[in-house]
Each structure stands twice: as C-alpha cells, then as structure tokens.
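What follows is one structure encoded as structure tokens, with my remarks underneath.
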Amino acid sequence: MLTTHIHNSLQQVSLTYLPAQYHHSTCMVDYYICDPVTGKKIRKQIRLLRVRNRTTQREFQRYVADLIYNINNRLAAGWNPLHETSNAKHYTPFSEAIDLFVEEKIKECRPDTMRSYKSVSTAMVRFTSKFYPTMLVGAFTNKIAMEFLEHIYSSRKISARSYNNYLKTSKVIFGFFKDHFYCPVNPFEEIKIKRSEDKKRGILSDGTRTLLYEYLSENNKMFLLVCYLVYYSLIRPKEIRCLKVQDIRLAEKCIVIRSEVAKNHKERYAALTTEVIHLILDLGVLNHPATHYVVGANFESGPDKLPDNAMSKYWDKLRRKLRLPADAQLYSLRDTAIFENLKAGIDPLTIQQHADHHSLRMTDIYAKHKDTELIDKMFHQPISFHK
C-alpha cells in the first residue's frame, strides 16, 4: 500500500524524484525518480540486510542515516542515477547533441552539405527551445518529429520539395544519433515524404544556347567557360566553384573533380572538348598558380573563391537581360547536354559515369524531358505508312 501511495503521489505532483526512505520490514532504502526520456516513474532500491547483520544496531542506524542524507542531497542537486547506465547518452541535452553532430560532420562534409545540415540543425534547436525547452536527445519521439516538420511546413510556408529536404536531412541527423547510441530509434524513419512537383528546369534550345554564346563571348568569357563546363563536361555549378588550376589535365583532355569537391564524394574525370580547351587557353587560366581557382572571385581565375550565390545571381540577371524562358536555369545546360547525348545515341552507361549519377535510373529520367523541336521534326520528316 505504501509503495502504491508513493507511486501515485509521484504521478500526481510530477516531481523528478521522491526522497529516500528506510523500510524496517524489508531492510531496504528506496526512492523514486522520473525517467526524463520515457516519462515513467522508477523505484530504486538498496538492500541493507548484509550491512545490518555485520554491524551493531547503533552503527547500522548511523549508516542508514548517512546513506539517506547523501542520496537526498544528490537528488536535490539534480543527480539522476539513470544517467550513469549504459544508455547515458540518451540523457544528453538536445542542443548539446546537435553541437556534437555538427562538430563531427564538419570534418567530412563539403561546405554546401554543411550549410544544409546547419540550417536544419538550427531549426530543430529553435523548435525544441520554444516547445520543449528541457528536451533530451533520447526523448525526441516520432510525434515530436512530426510536430517539427509540420511547424516548419506551416510557419515558413515552404514547398513540398523543401519539406522533403528537411525530412531527408533530419533522417541523416538522427541516423547519426542512433548509430552513436544517443537515441534508440530514428524518429523520422517512418515519416513519408510529401508529393511534390517535378523540378522546373527546361531544356535550352539551340537558339537559346546561341544567344548565350553571342552575349557571353563579348561580355563575360569566364562565365561562358562556366556554361561550357556545365554543358560539355557535365560539371555541376557548385563543383565548378571549387575547381583549381591543378585539376586541369590538358594532355589527358580532362579535368579532375576531386572527392572533396564532388557531390557524391567520389573522384571522377570530366571530359574536355576542343571548344572548352580553346577557351581555357584563351582566358589564360593555366598561367595562374596551380592552387588558384579556375573561376575565382569576380569571375576571374585567382586565389579567392567565388561566393556561393554569385553564379545564380549572375544567371538571373542574364536571363532577364536576354529574356530567356522562366524555367531556364544554369543547371539546365547540364540537363540539356545529357538529353542531347542520349538522343545522339551515346550509351546510357557512359553518360551515367560522365554525369556522376548514382544509377542508370537517374540517367533515364533525363530522357523524359520535353523535346521542343519534336513536333516540327515529326511533321517535316515523317515515316511512311505505305510505299
């Protein structure tokens, strides 16, 4: 009855502990604590029968009094014996666990990847600080995970695609926590992605590419090189920002995409065509020190890296000036080249390797782009139904 009364009292007042007491009938000292991860009330017991049998009554009474005094002082100071178990990491404050994640990942990830991790991590810390200020990493449940995602989705009014990116990154963060024993399960693992529209990137027609060539040849040859590297060499814009003069191998007609630069963290060799090589020589890129960036600050080869958003900002101005279609993006040049290569009969495996795709399935997606010239071709060059 006494145990039931204490347990009910603990539930009613929601204390983090109930002080230690000695029970003469069982010769035990017990106290109650709250598991901050599960919210359950746990009874801890210390059996003292051996101590009583080996000491005098006066010594035993003094021992019990000291034991209860020490336990209660430690409990009052915030001590929780659960933190000393094999699952001690579960009781790490959430913000502290996030700091450990960022500190670990910064050693192995590209700056662009880290920006994504830091953005979602910061959003998680802000969310928990507001709604769950005493959150421990092991207490982050599936329900809280859904609350976080829906909070981001509604408060920031992001698209379904952005929501899915938050979900993907959150899975990575808690995958790290699970692998390092900070939480028993990944609370984001079973959450389904939202249905989203396909990426709005159009294929750039011959006329559009000619317009780009004519303008950039006169006004910004270095950005023309960027376009060439995206189109001919299938190098991603973010990778181009990190290329250095030492990566260019003219004798081998290729440029090295180092593992720390590549999106998929694997070194690869991107082919250089005659047009790209001639433009590199014309710009005098190889006259710079080996450690200089190919496309550096101010769209010049040099020691300083081009800012993160410089390419996209310039492209936006270029699109408005040349009145390019709204779905025309710098990355569209890569899509266009893959599409054109597939139509030209180059085997998909070669394109997959050159484009640095994970699988042929990814390469096959590019075959589904709309061909703006298809209708005219089929009208003017029809096959014959009969001879």
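The values are calculated or read from the model by the stated rules, or taken from the named source; none is laboratory data. These figures come from a predicted structure and were not determined experimentally. Quick reminder, even Gly has a Cβ in these numbers, built from the backbone with ideal geometry, and neighbours come from all protein chains shown. Note: accessible area is taken over every heavy atom of the protein model, side chains too, but ligands, DNA and RNA are not part of it. Shrake-Rupley method; radii C 1.70, N 1.55, O 1.52, S 1.80 Å.
Take T122 and D316, extend 7 Å from each Cα along the Cα→Cβ direction, and tell me the distance between the two endpoints in nm.
A separation of 1.8 nm, rounded to one decimal place.
Can you compute the equivalent ellipsoid semi-axes for the range 230-335, i.e. the square root of 5 times each eigenvalue of the Cα gyration tensor, sorted largest first and rounded to whole Å? Provide the component values of the computation, followed by the final result.
Details: eigenvalues 103, 50, 42 Å².
Computed over the range 230-335, the values are 23, 16, 15 Å.
Per residue, how much accessible area does the range 136-253 have with a 1.4 Å probe, in Å²?
On the way: 6000 Å² over 118 residues.
On a per-residue basis, the range 136-253 sits at 51 Å².
Accessible area, 1.4 Å probe, largest first: how do Y132, Y163 sort?
Numbers: Y132 65, Y163 5 Å².
These residues rank, largest area first, as Y132, Y163.
Kirkwood Rh over alpha-carbon pairs of the range 86-192, then Stokes-Einstein at 4 °C and 1.567 mPa s: what D in µm² s⁻¹, rounded to an integer? Can you show the working numbers first?
Working: Rh = 13.9 Å.
In µm²/s, the coefficient is 93.
Given R₀ = 35 Å, FRET efficiency for E189-A271 by Cβ-Cβ distance, to 0.05? Mind dumping the intermediate values first?
Details: r = 40 Å, r/R0 = 1.13.
With R0 = 35 Å, the Cβ-Cβ based efficiency is 0.30.
Return the Rg/Rh ratio of the range 298-349 with Cα-based radii and a Kirkwood Rh.
Details: Rg = 15.0 Å, Rh = 13.4 Å.
With Rg and the Kirkwood Rh in hand, the quotient comes to 1.12.
Kirkwood hydrodynamic radius (Cα pairs, Å) of the range 17-167?
Numbers: mean 1/r = 0.0526 Å⁻¹.
So the Kirkwood estimate lands at 19.0 Å.
Just to be sure I follow: if Rg is taken over the C-alpha atoms of the range 192-258 and Rh is the Kirkwood radius over the same atoms, what is Rg/Rh?
On the way: Rg = 15.7 Å, Rh = 14.3 Å.
Here Rg/Rh amounts to 1.09.
Which pairs break 24 Å Cα to Cα here: K118/K263; K263/K305; K41/K89; K244/K317; K107/K221; K107/K317?
On the way: K118/K263 17 Å; K263/K305 18 Å; K41/K89 19 Å; K244/K317 26 Å; K107/K221 35 Å; K107/K317 36 Å.
Over 24 Å apart, Cα to Cα: K244/K317; K107/K221; K107/K317.
Take R161 and R52, extend 7 Å from each Cα along the Cα→Cβ direction, and tell me the distance between the two endpoints in nm.
The two pseudo-label positions are separated by 7.3 nm.
Between E214 and V172, 0.36 nm times their residue separation minus their Cα-Cα distance comes to what? Mind showing how you got there, number by number?
On the way: separation 42, 0.36 × 42 = 15.12 nm, distance 4.44 nm.
That works out to 10.7 nm of additional length.
Give me the extension gain from S25 to E147: residue separation times 0.36 nm, minus the current Cα-Cα distance, reported in nm with one decimal.
Numbers: separation 122, 0.36 × 122 = 43.92 nm, distance 4.84 nm.
Result: 39.1 nm gained on full extension.
Determine the equivalent ellipsoid of the range 143-227 by diagonalising the alpha-carbon gyration tensor, then write out the semi-axes as square roots of 5 times the eigenvalues, largest first, rounded to whole Å.
Details: eigenvalues 359, 56, 24 Å².
Its equivalent ellipsoid spans semi-axes of 42, 17, 11 Å.
Could you work out how far the C-alpha centroid of the range 15-61 sits from that of the range 104-143, in angstrom?
Between the Cα centre of the range 15-61 and that of the range 104-143, the gap is 39 Å.
Can you pull the percent of the range 184-264's accessible area that's carbon plus sulfur, 1.4 Å probe, other chains left in place?
Working: 1910 of 4110 Å².
Using a 1.4 Å probe with all protein chains present, the range 184-264 comes out at 46 percent carbon and sulfur.
Could you work out what % of the accessible surface of the range 19-94 is carbon and sulfur, using a 1.4 angstrom probe and leaving DNA, RNA and ligands out of the count? Could you put the intermediate results ahead of the total?
Details: 2390 of 4930 Å².
Accessible surface attributable to carbon and sulfur in the range 19-94 totals 48 percent.
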